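Notes for the one structure printed next.
Read-outs throughout are calculated quantities, based only on the coordinates presented, and are distinct from any laboratory measurement. These numbers come from a predicted model, not from an experiment. Counting neighbours? That spans all protein chains shown, and the Cβs are built from the backbone with ideal geometry, glycine included.
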Amino acid sequence: MLETVILITVILLALSFDFINGFHDTANSIATTVSTRVLTPRAAILMAATLNFIGALTGHKVAKTISSGLVYGDVSQHVIISALLAAIIWNLITWYLGIPSSSSHALIGGLVGSAIAFTGRIDKIQWDGVLDKVIIPLFTSPLIGFFVGFLVMKLIYFIFRSVSQHSVNKHFSVLQVISSAFMALSHGGNDAQKSMGIITLALFSAGEITNKDVPFWVVLACALAMALGTSVGGWKIIKTMGVNMIKLQPSGGFAAETSAAAVIQTMTFLGAPVSTTHIISTAIMGVGSAKRLTAVRWSLAKSIVTAWVVTIPVTALIGMLVMSILDVFFQ
């Protein structure tokens, strides 16, 4: 009976994390669309929520990485609870501060820290998987996002160099709706899979499933939780990404969203649980830099990058702390 209660607790926490991930990362797909006034906030959020739901139904490779590629064998449900609580705590802190940090890496950091605290050993962690699927993409995908955004924006400047700004804005207003939709679809396809993977890991550890294939009801539940979270909207982070970092025109919004979505789709295909927040943020920086380096508020960008770097170690420490507290109650 107790095991069932704990498993249900894990599932509810994972869906709560997915919901929080949704409203924390709403800005990923619609910040530029709202800031350029191509769509109203209400219309943009409705579109993002719908396409996040659809995107979450499109694959399982990232979920497989979370459930099978980071820790060996099964893990205690207390470890999973600690990891989820660590990620939720960090997400709420960064949301309150308006900092676009990574929900994905918060969850992974929490899982690694909790597993180490529970076993008192580091060999429970698949360090090669953490390096290949997490650490390397953590640094490479934002850089790729920056350079792709920079190049796409430069190409747009070159192609439309003889066209008036008004005409360019008019045409790209339509295209930006499409690019924003592509970004929302890509966000759902990568981010919702993290919760799918953690629930699958919990079900496997509890003996409810015999392998780590993601059950369809888990896919559906996580897709719905993320869509509902997205529908709430994270306005502080939308303002940080879409307004405070750089003033964008519709052409710049299109370039940033298309570049970021293409990078995210590639990483999802490879099964890498990347940060959609990192990638869209650096794509926006790349687009701004294509105009001129001073167009980007680099002081704000610096604080965002700092949050990225510290997310995994901080959430690992939070996971260890939460695991230590749970040990007191479950000894």
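Worth pointing out:
- Multiplying the residue separation of LEU293 and PHE269 by 0.36 nm and subtracting their alpha-carbon distance yields 5.4 nm.
- Length gained when the stretch SER162-LEU97 is fully extended (0.36 nm per residue, less Cα-Cα span): 19.2 nm
- Theoretical ellipticity at 222 nm over the chain - DSSP helices of four or more residues, -39500 (n - 2.57) apiece, nearest 500: -26000 deg cm²/dmol
- Linear extension gain, GLU208 paired with ASP123, 0.36 nm per residue minus alpha-carbon span: 28.0 nm
- Pairwise centroid distance, computed over Cα atoms, of region 88-104 with region 130-168, Å: 25 Å
- Cα-based helix-to-principal-axis angle, 136-159 vs the chain, degrees rounded to 10: 20 degrees
- Under 5 Å, built H, 5+ apart or other chain: amide partners of VAL71: GLN126
- Note, ³J(HN,Hα) from phi for region 270-276, Karplus 6.51, -1.76, 1.60, rounded to Hz, x at Gly and Pro: 7, x, 8, x, 7, 8, 5
- A Förster radius of 41 Å, combined with the Cβ-Cβ distance separating THR9 from ILE178, puts the computed FRET efficiency at roughly 0.50.
- Amide H contacts of ILE209: PHE204, each under 5 Å away and 5 or more positions distant or on a separate chain (H built 1.01 Å from N in the peptide plane; Pro and chain starts excluded).
- The charge dipole of the chain, taken about the Cα centre with unit charges on the Cβ atoms of Lys, Arg (+1) and Asp, Glu (-1), comes to about 1480 debye, rounded to the nearest 20.
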